[in-house]
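Remarks on the structure that follows.
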Amino acid sequence: MTTSTYLFGDAPPDTRDDNAVMLDALAGMLDPFSRRQLRRVGVRADARCLVVAVGASCIAATLAEMAPHGDVTATDIDLTPSRRRPRVRLIRHNIVTDPLPDDGYDLIHVRLLLAHLPADQRTAVLGRLVDALTPGGLLIVEEFEPTWRSSVLSAPDPDEADRLFAAYHRAFGAVLTGSGNDLTWGRRAHHAMRALGLHVDTTGHTGTWTGRQAGCLLPYATAGVIRDRLVAAGMTPDDIDAFRTLLLHTDLVVKGNLALSHVGRVPTGS
């Protein structure tokens, strides 16, 4: 099996603050969309739910509210950013190497994880998650489509902003690919879930953000966490500094990456 090289798994100690900002920004960007998806598909009051890679999100807390007579387990390899919530069982867990906490789940939610796994691990994990669902159960997989190069809507100098975002897009894409990330997975998850027999519906979402808001703090913090890797991938230190400064400018307006939420349902005859 290919060795996992999760990009953010070994962040340097001096980037700890940026790492926390990055996780909080992800939650700020995506939690409202994820909550809308959960309400759209519906969650039974007695549902058994599993949240994989919970991070700093409120997904587990939302499920605990929607399933007051059910059971919610949330896992991550590092629970440091995860907030303790009533009726949510937090488990430190490696989805690649550890067995699932249980099976017979009515809903499993996994966000911004599978694209980071090498293809063989991704396939194996996805299959295990599907096998852990009950007939009629739901698997929700949420990922980004990377579109940083076309993000800028308005800026003090739009041409310079476009140049910096394009430089970040190229370098970040190279870093992700070099770490085993599949940049096409955001949309190809739909096909992979169908291939496992799920009925799949996909919804897309993006938002507009100004400097210092979540959609700008995400690349700001990410560029801090992986600065050395961005430099190795060809983005100059001066451009990284200028990019991060721009992301805090309140006259900057960007559209976020397209988020795709794939909802797969196990046929009731399974």
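Applying the condition of being assigned to a helix (DSSP H, G or I) and either under 27 Å from Thr210 (Cβ atoms) or in contact (Cβ under 8 Å) with a residue 40 or more places away in the chain (or both) to region 41-60 and asking which residue is least open to solvent (accessible area, probe 1.4 Å) yields Ile59.
Among the residues making up region 110-137, those that are open to solvent by 10 Å² or more (accessible area, probe 1.4 Å), in contact with a strand residue (DSSP E or B) (Cβ under 8 Å, 6 or more places away or on another chain) and part of a strand (DSSP E or B) are Arg111, Leu133, Thr134, Gly136. Keeping to region 150-180, report how many residues are part of a helix (DSSP H, G or I), of a type in the set (Val, Ile, Thr) and surrounded by 16 or more Cβ atoms within 10 Å (Cβ to Cβ). Count: 1.
A single entry from Leu258, Leu247 fulfils the requirement of being crowded, with 20+ Cβ neighbours inside 10 Å and touching a Phe, Trp or Tyr at 6+ places or on another chain (Cβ under 9 Å): Leu247. Applying a threshold of 8 Å to beta carbon distances and a minimum spacing of six or more residues, or different chains, the list of pairs starting in region 22-34 at a residue that is small (Gly, Ala, Ser) and ending at one that is outside any helix (DSSP H, G or I) and open to solvent by 40 Å² or more (accessible area, probe 1.4 Å) reads Gly28/Gln213. Is it the case, given these coordinates, that Leu198 is open to solvent by less than 50 Å² (accessible area, probe 1.4 Å) and more than 20 Å from the chain's Cα centre (by Cα)? Yes.
Got at least one residue in region 216-223 being of a type in the set (Gly, Ala, Ser) and surrounded by fewer than 20 Cβ atoms within 10 Å (Cβ to Cβ)? So far as region 216-223 goes, no, none of its residues is of a type in the set (Gly, Ala, Ser) and surrounded by fewer than 20 Cβ atoms within 10 Å (Cβ to Cβ). Any residue at all in region 193-206 that's closer than 18 Å to Leu113 by Cβ, out of contact with any helix residue (DSSP H, G or I) (no Cβ under 6 Å at 6 or more places or on another chain) and at pLDDT 95 or above? Yes, some residue in region 193-206 is closer than 18 Å to Leu113 by Cβ, out of contact with any helix residue (DSSP H, G or I) (no Cβ under 6 Å at 6 or more places or on another chain) and at pLDDT 95 or above. Applying the set (1) open to solvent by less than 40 Å² (accessible area, probe 1.4 Å); (2) over 30 Å from Val43 (Cα atoms) to Gly264 leaves exactly one unmet item: (2). Which of the residues spanning region 61-72 are acidic (Asp, Glu) and surrounded by fewer than 18 Cβ atoms within 10 Å (Cβ to Cβ)? Correct list: Glu65 only.
Output the residue which, of all residues in region 181-198 that are part of a helix (DSSP H, G or I) and among the small types (Gly, Ala, Ser), is farthest from Ala223 (Cα to Cα).
Ala195
When the test is whether a residue is at pLDDT 95 or above and more than 19 Å from the chain's Cα centre (by Cα), Leu113 does not pass it.
Please work out which residue is nearest to Ser151 (Cα to Cα), limiting yourself to region 202-215 and to residues that are more than 16 Å from the chain's Cα centre (by Cα) and surrounded by fewer than 15 Cβ atoms within 10 Å (Cβ to Cβ). Residue satisfying both the conditions and the ranking: Thr208. In this structure, Asp201 does satisfy being assigned to a strand (DSSP E or B) and of a type in the set (Asp, Glu).
The values are calculated or read from the model by the stated rules, or taken from the named source; none is laboratory data. Only a predicted model underlies this, so the values are computations on that prediction, with no experimental measurement involved. Don't worry about glycine lacking a Cβ; one is built from the backbone with ideal geometry, like all the others, and counts go over all protein chains shown. What goes into the accessible areas is simple: the full protein's heavy atoms, side chains included, and nothing from ligands, DNA or RNA. Shrake-Rupley method; radii C 1.70, N 1.55, O 1.52, S 1.80 Å.
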